[in-house]
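What follows is one structure encoded as structure tokens, with my remarks underneath.
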Amino acid sequence: MTDTAELVTALRVPPGPLTLSTIPTDATPGFGGDKAAGKIALLGLGEELADLQERLFAEGTSGGTRSLLLVLQGMDTSGKGGTLRSTVGLMDPQGVRITSFKAPTEEELEHDFLWRITKALPEPGYVGVFDRSHYEDVLIARVRELAPVEEIERRYQAINDFEADLVGKGTRIVKCMLHISADEQKERLLARLGDPTKHWKYNPGDVDERERWRAYQDAYEVAIERTNTEVAPWHVIPADRKWYRNLAIGELLLVALQAMDLQWPAADFDVATEKKRLADEKPVG
């Protein structure tokens, strides 16, 4: 029911200008089923995702240098946490490293904006996930004017150079912008207020940020246009439908891992000899 090729093509941002308002936030490109079918389809990805991730991990323990980095960006309530639970959660947590970037600390502010990002990169064999990322430094920093204009401009090319270097060293990057509508965000914020078990997730500042909605959309458009490279392209994920968001990112992760052509590492010992040793072993105990 999932047309993976259509899904990947539809979600990948083409070169050139980007207008987010022309991309539906509730669409389901590449998938013809409903919510129930979408949830089943996501679970159906689990076995192959887990297998490929284990191959990547095994490769890393055997001297391999490759890794996978998933970058999640989106407005508040767009579903970064939900994606971590429902999609990334299909993989073995032992091989996954999740980093949630908050406002930089005083120490981090003393360094270039990519300093703290570099420290959190996935090691060989791992799947790394950035819940927010270095893109905050050209998004919120642009909207709130937290850095001079010329510094923001410098950062776009710095990001491109940084990501190209990562890819050259063996890290495959999947960048996803979770595209939610203002109306859907409002509904999700109201739902948090209506559920005492979710009050801890509510931040009154989110309402203030809604007043900057257009500014954030503009900042995303510029950032995606300027950093949508061949080696690290962007994907815009319709995120009003949570189940589709989870499925779409699962498909993108699967395609990325498949493209790595991961093989089980060859034994660095003589298998026949080890079999004989075990067969000839005297009873223990």
Where does the chain land at 222 nm, in deg cm²/dmol rounded to the nearest 500, when only DSSP H runs of n ≥ 4 count, each adding -39500 (n - 2.57), divided by all residues?
-14500 deg cm²/dmol
Would you mind checking the radius of gyration and Dmax of segment 72-129 based on alpha-carbon positions, in Å?
13.3, 37
Explain nothing, just compute: Karplus ³J(HN,Hα) = 6.51 cos²θ - 1.76 cosθ + 1.60, θ = phi - 60°, for every residue of segment 198-212 in order, whole Hz, x for Gly and Pro.
10, 4, 5, 8, 8, 10, x, x, 4, 5, 4, 5, 4, 5, 9
So what is the accessible area of segment 53-112 per residue, in Å², with the probe set to 1.4 Å?
49
Report the full-extension gain for the segment Asp34 to Ala191: residue separation times 0.36 nm, less the Cα-Cα distance, to one decimal in nm.
54.3 nm
Along each principal axis of its Cα atoms, how long is segment 232-277 end to end? Whole angstroms, biggest number first, please.
58, 23, 9
Size of charge dipole - the chain - debye, nearest 20, with Cβ of Lys, Arg +1 and Asp, Glu -1, no other charges:
660
Using a 7 Å offset from the Cα along the Cα-to-Cβ direction at both Thr229 and Lys282, what is the distance between the two label points in nm, to one decimal?
6.2
Along the Cα→Cβ direction, 7 angstrom out, place labels at Asp165 and Asp270. What is the inter-label distance in nm?
4.6
D for segment 1-144, whole µm²/s, Stokes-Einstein with Kirkwood Rh over alpha-carbon pairs at 25 °C and 0.890 mPa s: what number?
140
Computed over segment 67-175, the distribution of all Cα-Cα distances in 10 Å bins, rounded to whole %, is 13, 45, 34, 8, 0
Can you tell me the equivalent ellipsoid semi-axes for segment 193-285? Use √(5λ) from the Cα gyration tensor, largest first, whole Å.
51, 24, 12
Proximal lysines to Lys175, defined as alpha-carbon separation beneath 23 angstrom and excluding residues fewer than eight positions away on the same chain:
Lys39, Lys80, Lys102, Lys119, Lys242
Other-chain or far-sequence residues with amide H under 5 Å of Ser100's (modelled H)
Asp131
Could you pull the Cα extents of segment 9-56 along its three principal axes, largest to smallest, in whole Å?
38, 29, 12
Run the quick spin-label model on Lys119 and Glu150: label points 7 Å from Cα toward the beta carbon, then report their separation in nm to one decimal.
2.9
Find, among the GluC sites (Glu not before Pro) in segment 157-221, those assigned to loop by DSSP (not H, G, I, E, B) with at most 11 other beta-carbon atoms within 10 angstrom.
Glu211
List the longest stretch of the chain that has no exposed loop site; here a site is one of the trypsin sites (Lys or Arg not before Pro) assigned by DSSP to anything other than H, G, I, E or B, with at most 14 other Cβ within 10 Å.
1-101
First select every other residue whose beta carbon is under 13 angstrom from the beta carbon of Asn160; then total the charges, Lys and Arg +1, Asp and Glu -1.
-2
How are the C-alpha pair distances of segment 110-152 spread across 5 Å bins, as whole percents from the shortest bin up?
5, 20, 25, 21, 14, 8, 5, 2
By the scheme Lys and Arg +1, Asp and Glu -1, what is the net charge of all other residues having a beta-carbon under 14 Å from that of Thr19?
-2
May I ask for the angle, rounded to the nearest 10°, between helix 35-61 and the longest principal axis of the chain, with both axes built from Cα atoms and the value confined to 0 to 90°?
60
With the cut-off at 24 Å, report for the chain the share of all Cα pairs above it, as a whole percent.
55
If one compares the long axis through the Cα atoms of helix 182-193 with the longest principal axis of the Cα atoms of the chain, the angle in degrees, nearest 10, works out at 80
Between segment 199-245 and segment 32-57, how many Å separate their Cα centres?
25
Return the long-range amide H neighbours of Trp234 (sequence gap of 5 or more, or a different chain), with a cut-off of under 5 Å between placed amide H atoms.
Val13, Thr229
log₁₀ I(q)/I(0) of segment 126-285 at q = 0.15, 0.21 Å⁻¹, via Debye over equal Cα point scatterers, no solvent, to two decimals?
-0.98, -1.44
Using the Cβ atoms and a cut-off under 13 Å, what net charge is assigned to the surroundings of Phe57, where Lys and Arg are +1 and Asp and Glu are -1?
-2
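The values are calculated or read from the model by the stated rules, or taken from the named source; none is laboratory data. Note that this is a predicted model, so its numbers are computed, not measured. FYI the Cβ positions are ideal-geometry reconstructions off the backbone, even for glycines, and counts take in every protein chain you see. Quick note on the areas: whole protein, heavy atoms, side chains included, nothing else; ligands and nucleic acids left out. Shrake-Rupley method; radii C 1.70, N 1.55, O 1.52, S 1.80 Å.
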